[in-house]
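These notes are about the structure you will find just below.
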Amino acid sequence: MVLGSHSEPLSQVEVLVVDCQATAAAPRGHLLEIGWAQVRNTVTHPHACLIALPEGEEIPPAVSRITGISEHMMRAAVDRQLAWRLLPNLPRCSLRALAGYFGRAVGALRRSADHVEATAFVWQELVRLLETNGVSTWSALRDWLAAPVEPTRCRRRLWPMPRDVRLSLPHAPGIYRMLRIDGSVLYVGKAASLHHRVNSYFRKQNGVPERLLEMLSQARAISFDVTPSPLEAALLEPDEIKRRRPPYNVALTIHDRALWFTSPDLSVRRPEPSPHCPLGPFASPETLDQFAALARGDRAALTSGPWGPDAGTFKAGYERLCATHPELSCVDLSPHAKLLRLGTRLWREGRRDRDVDEDDANDTRRGLTVWTPEFVQVSLEWLALRAALARRRAIWLTRLADSSVVWREPGDSCARLIVVEHGEVPLSAAVDASAPPPIPPGCRRPAAARREALTVASFDRLRVLTTELKRLTAAGAPVALRLGVGPALDESRLASALWWV
């Protein structure tokens, strides 16, 4: 809006109107059409321009229907590189990507004030960029926009991060941080080889997730810390994520997370351990609540909001569950104990097609559109299996909170030692490959004292350590775990223990 004076009549005010159409909402959508018009004295001069979609993308039928834009019309669309003349090779040009490219973070929540401020920041940066191209006035901008530009199609996607920066990373384990130009952290990750892991982000040209493209549009530098082993890099990663709080890390954050403790049969949960709720830690209250509903025969075991089976289908599926499994007819056990026994047997029989995480309460059933009694039964069996596994993992993590590990990475000649105390790692060192793990300093602490000391940070650390122990045993690497004054778990004994958790 351009005002000649504060007293100028509104009918004489010149207004610029802009509108856009896209193929879908952000971050999946692509700009499809942009229109603009100058309005003065009620006379408009509308203009519109179609923007070519990325290679392989098509207009969704619903969008074509409501806009009238067809694939035939898109033959006259402007090349995307002409539409984004200043930054033609930036992987994404959303507000978040542009602001981050220039060094400003946009809040995770989509709020108008933050977006207005970010847009103003982007405009100021674009003005500076235009000035480097000799464009510093409105008339010069009009001439620059009117000048023909030959499209420069790149056979490969180009990235803002300098190639020599990522190619200079060492072939060593460690953690890395993707950085904006102002040094703020976008993402923290771990790697067995920093060079291979970081460069893998930039090799893929097609099928890159939108969220990753948005992050890589902002990444201009890398910082890293080398660690003696991949296991130690994995243990360092969750602490670094919690310390930095990078916007593109989803797992291992601390936001809106808490630990829970339950009665031995998982029938009651509390936010801290007590004589009545001594078992824990658990990270997923949803799993515990769904399991409690299953023990009551309540449809809430499979219902979340409008999603879930109707009452009749649930009842039929629940009756199939009870008729199929003899554990559920035991009269000397509580409903919770019966279901835990069932879940344990199903695990022993191998009734699982992937690793189970108790945080994954909303599993692939979300894709189901029609519930049947048979599928209700399978879903309830899966819930019983997941609850029994969460109980075993809670006991395992409590024991792991005071432990020691000696291992050797595949292909390495040197062994490493870590000592875990109160869920922290106060000691890591190189040791002789034949040395047994030392007796953990805190192994005589009561289980109740261990649980009281656990935090979300130590819980994540212990889960990561469990995952790394599984990796080492699967690779056949020498590894030994000591949980107390008795002999260390190694080879088959450790593999057997890890199979259960």
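Values for this structure:
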| item | result |
| --- | --- |
| Residue count, segment 71-84 (criterion: modelled with pLDDT of 85 or more and open to solvent by less than 40 Å² (accessible area, probe 1.4 Å)) | 2 |
| Residue that is at pLDDT 95 or above, farther than 14 Å from Phe291 by Cβ and among the aromatic types (Phe, Trp, Tyr), where the choices are Trp371, Trp347 | Trp347 |
| Qualifying residue in segment 473-490 (condition: buried (at least 18 other Cβ atoms within 10 Å of the Cβ), in contact (Cβ under 8 Å) with a residue 40 or more places away in the chain and not in a strand (DSSP E or B)) | yes |
| Test: Ala430 is more than 29 Å from the chain's Cα centre (by Cα) and within 27 Å of Pro278 (Cα to Cα) | no |
| Residue ID - least open to solvent (accessible area, probe 1.4 Å), chosen from residues in segment 434-459 that are under 16 Å from Leu481 (Cβ atoms) and of a type in the set (A, V, I, L, M) | Ala435 |
| Residue in segment 32-44 that is modelled with the highest pLDDT, counting only those that are loosely packed, with under 13 Cβ neighbours inside 10 Å and under 11 Å from Glu14 (Cβ atoms) | Asn41 |
| Subset tally (residues that are out of contact with any Leu (no Cβ under 6 Å at 6 or more places or on another chain) and either within 27 Å of Ile241 (Cβ to Cβ) or part of a helix (DSSP H, G or I) (or both)) for segment 426-440 | 5 |
| Among (1) under 33 Å from the mean Cα position of the chain (by Cα); (2) farther than 21 Å from Cys93 by Cβ, the one test that Asp143 misses | (1) |
| Count of segment 199-214 residues which are under 14 Å from Tyr248 (Cβ atoms) and either free of Cβ contacts under 8 Å to residues at least 60 places away in the same chain or in a loop (DSSP other than H, G, I, E, B) (or both) | 4 |
| Selection count where residues are over 17 Å from Trp382 (Cα atoms) and in a helix (DSSP H, G or I), scope segment 317-337 | 1 |
| Unique match (being of a type outside the set (Gly, Ala, Ser) and under 25 Å from the mean Cα position of the chain (by Cα)) among Arg269, Arg257 | Arg257 |
| Residue list for segment 154-187, restricted to those being outside any loop (DSSP other than H, G, I, E, B), open to solvent by 40 Å² or more (accessible area, probe 1.4 Å) and not aromatic (Phe, Trp, Tyr) | Arg163, Asp164, Val165, Leu167 |
| Filter result for Asp402 (of a type in the set (D, E, K, R), over 26 Å from Arg341 (Cα atoms), in contact (Cβ under 8 Å) with a residue 12 or more places away in the chain and surrounded by 22 or more Cβ atoms within 10 Å (Cβ to Cβ)) | yes |
| Residue in segment 235-248 that is exposed (fewer than 13 other Cβ atoms within 10 Å of the Cβ), in contact with a Cys (Cβ under 8 Å, 6 or more places away or on another chain) and in a helix (DSSP H, G or I) present | no |
| Filtered residues of segment 445-479 (kept if touching a Phe, Trp or Tyr at 6+ places or on another chain (Cβ under 7 Å) and more than 18 Å from Arg392 (Cα to Cα)) | Leu472, Ala477, Pro478, Val479 |
| Every residue from segment 95-116 that is open to solvent by less than 30 Å² (accessible area, probe 1.4 Å) and of a type in the set (A, V, I, L, M) | Ala97, Leu98, Ala99, Val106 |
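For every residue, the table says whether it meets (1) modelled with pLDDT under 95; (2) open to solvent by 20 Å² or more (accessible area, probe 1.4 Å); (3) closer than 24 Å to Ser304 by Cβ.
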| position | (1), (2), (3) |
| --- | --- |
| Ala221 | no, yes, no |
| Asp225 | no, yes, no |
| Leu231 | no, no, no |
| Thr253 | yes, yes, yes |
| Arg269 | no, yes, yes |
| Pro273 | no, yes, no |
| Pro281 | no, no, yes |
| Ser284 | yes, no, yes |
| Asp289 | no, yes, yes |
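For (1) modelled with pLDDT of 90 or more; (2) open to solvent by 40 Å² or more (accessible area, probe 1.4 Å); (3) in a loop (DSSP other than H, G, I, E, B), each residue gets a yes or a no:
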position	(1), (2), (3)
Ile69	yes, no, yes
Leu86	no, yes, yes
Cys93	no, no, yes
Leu126	yes, yes, no
Ser136	yes, yes, yes
Leu145	no, yes, no
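The values are calculated or read from the model by the stated rules, or taken from the named source; none is laboratory data. Here the structure is a predicted model, which means the values were calculated and not measured. Quick reminder, even Gly has a Cβ in these numbers, built from the backbone with ideal geometry, and neighbours come from all protein chains shown. Accessible surface is based on the protein model in full, side chains and every heavy atom, while ligands, DNA and RNA are left aside. Shrake-Rupley method; radii C 1.70, N 1.55, O 1.52, S 1.80 Å.
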